[in-house]
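Heads up: the structure comes next, in structure tokens.
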Amino acid sequence: MTLHETAASTNQLAAQAAVADSIVVADHQTAGRGRLDRSWDTPAGTALTFSAVVDPGLADHDWPLLPLAVALAVADGVRRAAEVPVELKWPNDLLLRSPDGHEHKVAGILLERVPSAADPSHPLAVIGIGINVGLRSEDLPVQTATSLAIAGSGASRTEVFAGVVPALATVLDALRSGPGAVLERYRTECSTIGREVTVHLPDGEELTGTATGLDRNGRLLVGGRAVGAGDVVHVRPA
Ligand code: BTN
């Protein structure tokens with residue numbers, strides 16, 4: 001594991017090195033990256049930001065399940081370490097509910113596929129995880145965010161890291177033995193399923209309807225369509 005006081009982005013460093021079973025942690029990221037080409041900003045010393053490089057050992061057609069599996073692992077690790085009731089929003093946001101029932105994002109995951117440095121014909125997964133641990137209300141980069149501390153947890157970044165890393169190993173092992181159990185667990189735990197949602201698709205199209213489930217590839221089923229990527233907004237409870 002390498003720990004950087006400051007890094008532009010742990011995903012960027014991890015992807016450059018591309019060494020399986022390595023972990024890059026940053027105390028502070030100056031150019032953290034989010035999904036859909038967004039940025040991921042957190043004040044120094046408040047968030048757990050790290051990237052793990054793994055050889056998932058999956059057939060290409062099972063790679064789309066990785067983001068869902070990682071979300072389950074991060075949720076497990078955070079629940080164990082911080083004792084807060086995190087919920088999953090498809091594909092891999094972790095949410096916490098405020099006392100008034102509104103959902104706020106507490107963690108995000110960015111997965112990238114990179115060629116292994118040892119054998120460029122072999123793909124590795126860079127699993128970037130950002131968890132808002134100690135941010136106070138005034139530190140929040142956006143009002144739709146929250147932190148474990150705001151939810152009342154006193155867990156440290158180290159404790160959350162120690163909860164998430166083994167959970168990641170466990171869920172990756174489960175995925176390697178077949179997608180069935182991971183998909184089934186995700187279907188049960190994902191709070192998007194059964195809700196009315198609007199999906200902002202990468203081509204700019206908007207799709208509104210009830211999220212009825214997942215297909216075998218982890219795509220969200222909305223109004224009879226299977227959606228593989230996009231930004232989901234929970235409109236209201238089903
Ligand atoms: C998202 O929800 O949009 C994904 C956010 C992922 C942020 C993490 S922080 C550690 C790693 N390094 C990055 O640059 N991004 C990921």
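First measure r as the distance between the Cβ atoms of residue 162 and residue 205, then evaluate 1/(1 + (r/R0)^6) with R0 = 35 Å and state the FRET efficiency to the nearest 0.05. Show your work: numbers first, answer last.
On the way: r = 42 Å, r/R0 = 1.20.
The computed FRET efficiency comes out at 0.25.
For region 100-175 and region 1-42, what is the separation of their C-alpha centers, rounded to whole Å?
Cα centroid of region 100-175 versus Cα centroid of region 1-42: 12 Å apart.
If each residue of separation counts as 0.36 nm, what is the full-extension length gain between residue 38 and residue 235 once their alpha-carbon separation is subtracted?
Value of the extension gain: 68.8 nm.
Order the peptides 36-46, 152-162 from the highest to the lowest mean number of other Cβ atoms within 10 Å of their residues. Don't skip to the answer; put the middle values down first.
Working: 36-46: 14.3, 152-162: 16.8.
Sorting 36-46, 152-162 by mean packing, highest first, produces 152-162, 36-46.
When only C-alpha pairs under 8 Å and at least 6 residues apart count, what is the relative contact order of region 196-237, in percent?
About 43 percent, as a whole number.
Calculate, in nm to one decimal, what residue 17 and residue 198 gain on full extension: separation in residues at 0.36 nm each, minus their alpha carbon distance.
Working: separation 181, 0.36 × 181 = 65.16 nm, distance 3.76 nm.
Value of the extension gain: 61.4 nm.
Between residue 3 and residue 225, what is the spin-label point distance in nm, taking each point 7 Å from the Cα along the Cα→C-beta axis?
My value for the distance between the label points is 4.7 nm.
Tell me the Rg and the Dmax, in Å, that the Cα atoms of region 2-189 produce.
15.7, 51
Considering only DSSP beta bridges with both partners in the chain, what is the antiparallel share in %, to the nearest 5? Walk me through the intermediate numbers first.
Values: 46 of 53 bridges.
Here the share of antiparallel DSSP bridges comes out near 85 percent.
Quick check on the exposure proxy: order 114, 106, 227, 222 from fewest to most C-beta atoms within 10 angstrom. Spell out each step's value before the answer.
Values: 114 17, 106 27, 227 20, 222 23.
Neighbour counts put them in this order, fewest first: 114, 227, 222, 106.
Per 5 Å bin, what percent of the C-alpha pairs of region 196-237 does each bin hold, from zero upward?
6, 28, 36, 22, 8, 0
Sorting 103, 138 on the 10 Å Cβ count, fewest up front, what's the list?
Result, fewest neighbours first: 138, 103.
Coordinate-derived values only; no laboratory data. Note that the structure is predicted; figures quoted are calculated from it, not measured. Please note: Cβ atoms are built from the backbone with ideal geometry, for glycine as well, and neighbour counts cover all protein chains shown.
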